[in-house]
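Here is the structure we will look at, set down as structure tokens.
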Amino acid sequence: MKLLITGAAGFIGANFASYIAQEHPEDEIVCLDLLTYAGNLLNLKALETHKRYRFVKGDIADRTFIMELFAKETFDAVINFAAETHVDRSVTDPEIFLRSNVFGTQVLLDACRTYGIKRYHQVSTDEVYGDLPLDRPDLLFTEETPLHTSSPYSASKASADMYVLAYFRTYQVPATISRCSNNYGPYQFPEKMIPLMISRALADEQLPLYGDGLNVRDWLHVYDHCSAIDLILRNGKAGEVYNIGGHNEKTNLEVIKMILKTLQKPESLISYVTDRPGHDLRYAINPDKIERELGWKPVYHFETGILQTIQWYVDNREWWEATISGEYRRYFDEMYKERLS
Ligand code: NAD
Ligand code: TYD
């Protein structure tokens, strides 16, 4: 198969490209990325020796560029990871989320429709379902849970999902969608909670914990997300949505305490700061459908996965130190200036 992987220089896209190179060395991989602040070619370094890999820089929302690319190349499948992904940034600058996440998806769908691509996969998120109450552990998101978004980020991802389903129904574009819970693992940009807290703890800096720290996230190792997407791509049914998650709910405070304990840093580094506006309380995925229909099972337990991830950030200090210079430093100062004294 010849795959177009968009957003491939980001966290999950890069892990997915490496997963494909490993598991399906016969596949041809074209990685596309705009190289925004979150995209980093170093994340794809391991693929440089792969004979059937190429990188293309470009914007999924640039219709002319995308149509020319599809006219030149014959892709069998498109897997769309490209997006603006940080909820806090979507609160301060929602427009770019509309452009990249919604319009970009629609441009890709038009290209797939025009060039008869055999499979389009949209990488979505559990955040499209909104949040669950903290006192109802029995409630989990299923594929039938109504979309009920909270942030401009989740609103843009839900809109994109609706376009994907509309293109399936109206134009028979053979598309699938996956909605995954929070990921952790190597190469995650240190604006997201886990790598932010690891990198700041390593530098003995304050850890900005929003609100009371009791919001719950359902964590999945990025490797398990990649294996699920690969299964959907090859065996999933067009027009279907698949939830992905590993039943790993933790409060933010629990996760931060694990990080501090592992790094042998004091809990006094935790700084309770002003909450995120509209902060979702709890996410929790019911992954029964993908387990039952496609036989997917995660391999990582959170307790071992997080230790391995912390070790990766200890061993790859140069990687994250380089990513948090320049534009990111300005973003951090602006986002946290009134939160951290
Ligand atoms: P990321 O921010 O690390 O990477 C996103 C990548 O997309 C970056 O490399 C960026 O340069 C690229 N990009 C942004 N706009 C683009 C555009 N217009 N054209 C081309 N490339 C563009 O994000 P991630 O965590 O790897 O997330 C990847 C996908 O997975 C996203 O669609 C996200 O919504 C989804 N997702 C993420 C999580 C998570 O926990 N991180 C969970 C579920 C779903
Ligand atoms: P994040 O990694 O931004 O993912 P998402 O909001 O998409 O789930 O945040 C994970 C949780 O951590 C979320 O409840 C917000 C919280 N959080 C903090 O407490 N402090 C921080 O500095 C950040 C970035 C997040």
* **Count of residues meeting criterion [among the aliphatic types (A, V, I, L, M) and closer than 25 Å to Ser150 by Cα] in the range 244-292** => 8
* **Lone unmet requirement of (1) within 17 Å of the chain's Cα centre (by Cα); (2) surrounded by fewer than 17 Cβ atoms within 10 Å (Cβ to Cβ) for His279** => (1)
* Asked: Picking from Phe81, Phe75, which residue would you name as being modelled with pLDDT of 95 or more, within 23 Å of Ser227 (Cβ to Cβ), open to solvent by less than 30 Å² (accessible area, probe 1.4 Å) and within 16 Å of ligand 2 (Cβ to nearest atom)?
  -> Phe81
* **Search result, residues across the range 146-166 that are exposed (fewer than 14 other Cβ atoms within 10 Å of the Cβ) and within 16 Å of ligand 2 (Cβ to nearest atom)** => His148
* To do: Spot the failing condition for Glu143; the list is (1) open to solvent by 20 Å² or more (accessible area, probe 1.4 Å); (2) among the acidic types (Asp, Glu); (3) not in a loop (DSSP other than H, G, I, E, B), and only one is missed.
  => (3)
* Output the residue which, of all residues in the range 310-334 that are within 16 Å of ligand 1 (Cβ to nearest atom) and touching a helix residue (DSSP H, G or I) at 6+ places or on another chain (Cβ under 6 Å), is farthest from Leu35 (Cα to Cα). => Tyr313
* Asked: Within the group Ala46, Ala9, which residue is open to solvent by 40 Å² or more (accessible area, probe 1.4 Å), more than 16 Å from ligand 2 (Cβ to nearest atom), among the aliphatic types (A, V, I, L, M) and out of contact with any Pro (no Cβ under 9 Å at 6 or more places or on another chain)?
  -> Ala46
* Asked: helices (runs of 4 or more DSSP H) wholly in the range 184-267 with at least 2 residues that are closer than 27 Å to Val78 by Cα - which ones?
  -> 222-235
* Leu307 touching a helix residue (DSSP H, G or I) at 6+ places or on another chain (Cβ under 7 Å), more than 16 Å from ligand 1 (Cβ to nearest atom) and aliphatic (A, V, I, L, M) -> yes
* Picking from Thr74, Thr92, Thr105, which residue would you name as being under 16 Å from Thr6 (Cβ atoms) and among the hydroxyl-bearing types (Ser, Thr, Tyr)? -> Thr105
* **Residue list for the range 115-140, filter: surrounded by fewer than 23 Cβ atoms within 10 Å (Cβ to Cβ) and either modelled with pLDDT under 95 or under 17 Å from Lys2 (Cα atoms) (or both)** => Tyr115, Gly116, Ile117, Lys118, Arg119
* Selected residue [modelled with pLDDT under 95, within 20 Å of the chain's Cα centre (by Cα) and surrounded by 12 or more Cβ atoms within 10 Å (Cβ to Cβ)] from Ile306, Ile324 -> Ile324
* To do: Output the residue which, of all residues in the range 185-223 that are among the acidic types (Asp, Glu) and surrounded by fewer than 23 Cβ atoms within 10 Å (Cβ to Cβ), is nearest to Gly245 (Cα to Cα).
  => Glu191
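Here is a yes/no grid of residues against (1) within 13 Å of ligand 1 (Cβ to nearest atom); (2) in contact with a Pro (Cβ under 8 Å, 6 or more places away or on another chain); (3) closer than 25 Å to Val128 by Cβ:
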position: Asn235; (1), (2), (3): no, no, yes
position: His247; (1), (2), (3): no, yes, yes
position: Lys250; (1), (2), (3): no, no, yes
position: Ile256; (1), (2), (3): no, no, no
position: Thr262; (1), (2), (3): no, no, no
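The values are calculated or read from the model by the stated rules, or taken from the named source; none is laboratory data. The model shown is predicted, which means the values in this text are computed figures rather than measured ones. Heads up, the Cβs are rebuilt from the backbone with ideal geometry, glycines too, and the neighbour counts pull from every protein chain shown. With ligands, DNA and RNA removed, areas are computed over all heavy atoms of the protein, side chains included. Shrake-Rupley method; radii C 1.70, N 1.55, O 1.52, S 1.80 Å.
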